[in-house]
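First up is the structure itself, then whatever we jot down about it.
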Protein chains: 2
Amino acid sequence: MADEVLFDFLHMELVSYIHHSCVKEDNAKDTSIAKLESTGFRVGQSLIERFTKDSARFKDELDTMKFICKEFWNAIYKKQVDNLRTNHQGVYVLQDNKFKFLTQISNGKQFMESAPKYLAFPCGLLRGALSNLGVNCIVTAEVSAMPACKFQIQIQRS
Amino acid sequence: MADEVLFDFLHMELVSYIHHSCVKEDNAKDTSIAKLESTGFRVGQSLIERFTKDSARFKDELDTMKFICKEFWNAIYKKQVDNLRTNHQGVYVLQDNKFKFLTQISNGKQFMESAPKYLAFPCGLLRGALSNLGVNCIVTAEVSAMPACKFQIQIQRS
C-alpha cells in the first residue's frame, strides 16, 4: 500500500512541476504534455525490460497486448485492464473503468480539461513499453466519464 | 518488486528532467538541487500523513525518529536505517549502509560529484515528513563511500 501512494504522489509532483516549468513558453499546454509523455516513454522502456526479463517470447501482437493488460497494468496500477478490444487491423482499445490517476478528480465537465495532463505520462508509459517489445505505435487516451478511461493504440507499420 | 523499480525509474527521470531544465539558468546546479529538494518536501508531507493515519501519538522526538528509521524508511526504500545516532542536543544522524538511490552508481572519486543530485529528493522527503510531524529541521546528506550515506538532521528550535 505504501509504495502505491509513493508512486502516486511522485507522479502528481512531476505533473505539477512540468506544468509550471512550461507556463512561460508558448503553447505551454502542448509542451508540458509532450514532456510528460516522453518522460513516460523512457520509464516505460526501462520497466518493460525488467518485467519481461524471465518471460518467454510473445507469440504475436495480441499476446503482447494481453501481457500489457494483465501483468504490466497490474504492476503499475494494481489492477488489470477491464476490457481489451481490437479491430484486427492494428487498432487496440484498452478500457480501464477506474483509472488510478483519475480517481482523485471529481466527475464533472469543469474538471475534464485537467484530465489530459494526468494521462500524458501513462500514454508514454504504454508507448515506451510497446516500443521496447518491437511494436511501434501511437497511443492516445480518451475520457468520457471519470474515472473511466480508454487508451487507444494505433500500430504503425513501417 | 515491480513497484520498487517503478519509483526508482520515475525518480531517475525526475532528476534528469529537473537537471536539464535548469541548465540554462545561472547557478544551475544549486537551482536544480533546490527544486528537487522542494519536490521531495511536498511528497514527504503527503506520505507521512498517509503512513501515520492509524499510529498513536509519538512520545517524543526520539520516538518520532525511530518511526522514521523503521516504518518510513521501509515503506520507501524497502529496508531500515542501519544506524541512528544523536548527540541529544538536536542533531540526529541516520546512516544507511546501502542507500537505494546510490546502489547503481560505481564507487570512485569521479562519480562523487553526481551523488548530490540523487540525495536532494530524499533529503526533502525527510524534511517534509518531519515537518508534518511538527519537527522543523535542516536535513543534509553526506557520502564518504558509495553506496553508504549519512543523513544529518538538525532540529531548529523556534
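The values are calculated or read from the model by the stated rules, or taken from the named source; none is laboratory data. Remember, it's a predicted structure, so these values are computed and weren't measured experimentally. Every residue, glycine as well, gets a Cβ built from its backbone with ideal geometry; the counts of neighbours run over all protein chains shown. Ligands, DNA and RNA are excluded from the accessible area calculation, which covers all protein heavy atoms including side chains. Shrake-Rupley method; radii C 1.70, N 1.55, O 1.52, S 1.80 Å.
Observations on the structure shown:
- Of B:THR64, B:THR52, all but one fail to be of a type in the set (Val, Ile, Thr) and within 14 Å of chain A (Cβ to nearest Cβ); the exception is B:THR52.
- Of all residues in segment A:25-60, those satisfying the criterion of being of a type in the set (Asp, Glu) and open to solvent by 50 Å² or more (accessible area, probe 1.4 Å) are A:GLU25, A:ASP26, A:ASP30, A:GLU49, A:ASP54, A:ASP60.
- Just one of (1) surrounded by fewer than 14 Cβ atoms within 10 Å (Cβ to Cβ); (2) assigned to a helix (DSSP H, G or I); (3) more than 11 Å from chain B (Cβ to nearest Cβ); (4) not hydrophobic (A, V, I, L, M, F, W, C) fails for A:HIS20. It is (3).
- Filter result (of a type outside the set (Val, Ile, Thr), within 11 Å of chain A (Cβ to nearest Cβ) and more than 17 Å from B:ALA75 (Cα to Cα)) within segment B:33-49: B:LYS35, B:LEU36, B:SER38
- Unmet criterion (only one of (1) more than 10 Å from chain A (Cβ to nearest Cβ); (2) open to solvent by 10 Å² or more (accessible area, probe 1.4 Å)) for B:LYS78: (1)
- Residues satisfying the stated conditions in segment A:82-93, i.e. outside any strand (DSSP E or B) and either open to solvent by less than 20 Å² (accessible area, probe 1.4 Å) or in contact (Cβ under 8 Å) with a residue 60 or more places away in the chain (or both): A:GLY90
- Residue within segment A:63-70 that is part of a helix (DSSP H, G or I), more than 24 Å from A:ASP8 (Cα to Cα), open to solvent by 30 Å² or more (accessible area, probe 1.4 Å) and at pLDDT 90 or above present: yes
- Applying the criterion of being assigned to a loop (DSSP other than H, G, I, E, B) and open to solvent by less than 50 Å² (accessible area, probe 1.4 Å) to the residues of segment B:94-126, the residue that is nearest to B:ASP82 (Cα to Cα) is B:PHE99.
- Scan of segment A:56-80 for residues that are free of Cβ contacts under 8 Å to residues at least 40 places away in the same chain and in contact with an Asp or Glu (Cβ under 8 Å, 6 or more places away or on another chain), ordered by number: A:TRP73, A:ALA75, A:TYR77, A:LYS79
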